[in-house]
Every structure is written in structure tokens, then in C-alpha cells.
Amino acid sequence: MSVSTITETTQYLTFKLDEEIFALDVAKVREILEYCSVTKVPQTPDFMRGVINLRGSVVPVIDLRLKFGMNATERSVNTCIIVTEVAMDGETILLGALADSVQEVDEMEPAQIEAAPHIGTRLNTDFIKGMGKQDGHFVMILDIDRVFNAGDLSDIQGAG
């Protein structure tokens, strides 16, 4: 999905990873949890921190900071898990994403959103829906369905 497909005002949940602000379409967010104990699963990718028990369901928890090449998320009073719905092979799976902190739910109009930067062919930015402009800074709007490739999701699916 590209920025050209964003044709109406949409609500986004904004959150921080390090000092950068990211956003997810609220329609993809199931709930936000306080950081809790995460059970590590052997032989999973580094960005997969483990699994949690969410009312009897096993939900994989991933560290977006590691996935995006940053340092691992360090637990603080604001660290939380954003439980999202991710489309995979025609079905929807639940996935927990670690965030340093959740900011707010914001509405953005199409005029506030620019296309993701095109950084050559070697760097994949398909997972960025667009760059929102807000209060003089950029917000990276993620397409959570594209953050992970098929191999990543099959590893995560196997753990969950």
C-alpha cells in the first residue's frame, strides 16, 4: 500500500522507538499492554523476544527496534506491548510489538502525509506507508503487514 491509497483522514496510534516517532493505523491495533514477562523461544530470530499468554492465546512478541537495526528495547516504566493484527497467507495473526512508549492517537489527513523516501534498490522501504508531518517533525507510518517478510512471519508463526 502506498501513500496514494491514503485518501481519507485516518487515526494512527503513535509510539516511540528510541527518539523516532512511528505510527500504526488504529484499525490494526487490538490493544496496548504494560510490559510483562516474555518467554523466550529457542532458535528464533534476534528480533523475536518470545511469547506472552494473552487470555489463553500464545502471542509472539517482537522487538521493532531490533528489526529496524536499532539497539534492543530496554525495559522502562513506559515500555509496552502493542498487540496488532497482521495479515499472513490470507489469515490474521496477533503479534505483540515492543515500544519504548505509546504517545497518542492522532488523526492525519492525506495532505499531511508524504510518500516514503525512495533510497535506492538495496534498501527496502515498502513497509513505510508514508511520512506524516506533525508539529514540525516526521512520523513514520508503518504498514505492519509489510514490516516482516514471508520468512520472518513463518518463523514467528512457528513460535506462536
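The values are calculated or read from the model by the stated rules, or taken from the named source; none is laboratory data. The structure presented is a predicted model; accordingly, all values stated were derived computationally and were not measured. Positions of Cβ are generated from backbone atoms using ideal geometry, with glycine treated the same way; all protein chains shown enter the neighbour counts.
Filtered by the rule that a residue be basic (Lys, Arg), free of Cβ contacts under 8 Å to residues at least 40 places away in the same chain and on the phi < 0 side of the Ramachandran plot, region 37-70 gives a lone residue, Lys40.
Quick check on my filter: what residues within region 54-95 are among the basic types (Lys, Arg) and within 17 Å of Lys16 (Cα to Cα)?
First, the residues of region 54-95 that are among the basic types (Lys, Arg): 55, 65, 67, 75.
The answer is Arg65, Lys67, Arg75.
With the condition kept exactly as written, say whether any residue in region 47-57 is of a type in the set (S, T, N, Q), surrounded by fewer than 16 Cβ atoms within 10 Å (Cβ to Cβ) and within 19 Å of Phe138 (Cα to Cα). Walk me through how you get there before you give the answer.
Quick first cut of region 47-57, residues of a type in the set (S, T, N, Q) only: 53, 57.
Cutting the leftovers down to surrounded by fewer than 16 Cβ atoms within 10 Å (Cβ to Cβ) gives us 53, 57.
Pick out the ones that are also within 19 Å of Phe138 (Cα to Cα) and you get none.
Checking region 47-57: not a single residue is of a type in the set (S, T, N, Q), surrounded by fewer than 16 Cβ atoms within 10 Å (Cβ to Cβ) and within 19 Å of Phe138 (Cα to Cα).
Screening region 45-76 for residues that are of a type in the set (A, V, I, L, M, F, W, C) and farther than 11 Å from Leu98 by Cα and picking the one that is modelled with the lowest pLDDT gives Phe68.
Scanning region 19-33 for residues that are touching a Gly at 6+ places or on another chain (Cβ under 9 Å) and among the small types (Gly, Ala, Ser) yields a total of 1.
The test for being part of a loop (DSSP other than H, G, I, E, B), in contact with a helix residue (DSSP H, G or I) (Cβ under 8 Å, 6 or more places away or on another chain) and β-branched (Val, Ile, Thr) does not hold for Thr84.
Within region 1-43, take every residue that is buried (at least 18 other Cβ atoms within 10 Å of the Cβ) and of a type in the set (S, T, N, Q) and give me the one that is modelled with the highest pLDDT. Ranking the candidates gives Thr14 first. Selection of region 65-100 for residues being more than 11 Å from Phe15 (Cβ to Cβ), of a type in the set (Gly, Ala, Ser) and in contact with a strand residue (DSSP E or B) (Cβ under 9 Å, 6 or more places away or on another chain) yields Ala72, Ser76, Ala87, Gly96.
If you go through region 34-81 and pick out every residue that is basic (Lys, Arg), part of a loop (DSSP other than H, G, I, E, B) and in contact with a Gly (Cβ under 9 Å, 6 or more places away or on another chain), you end up with 1.
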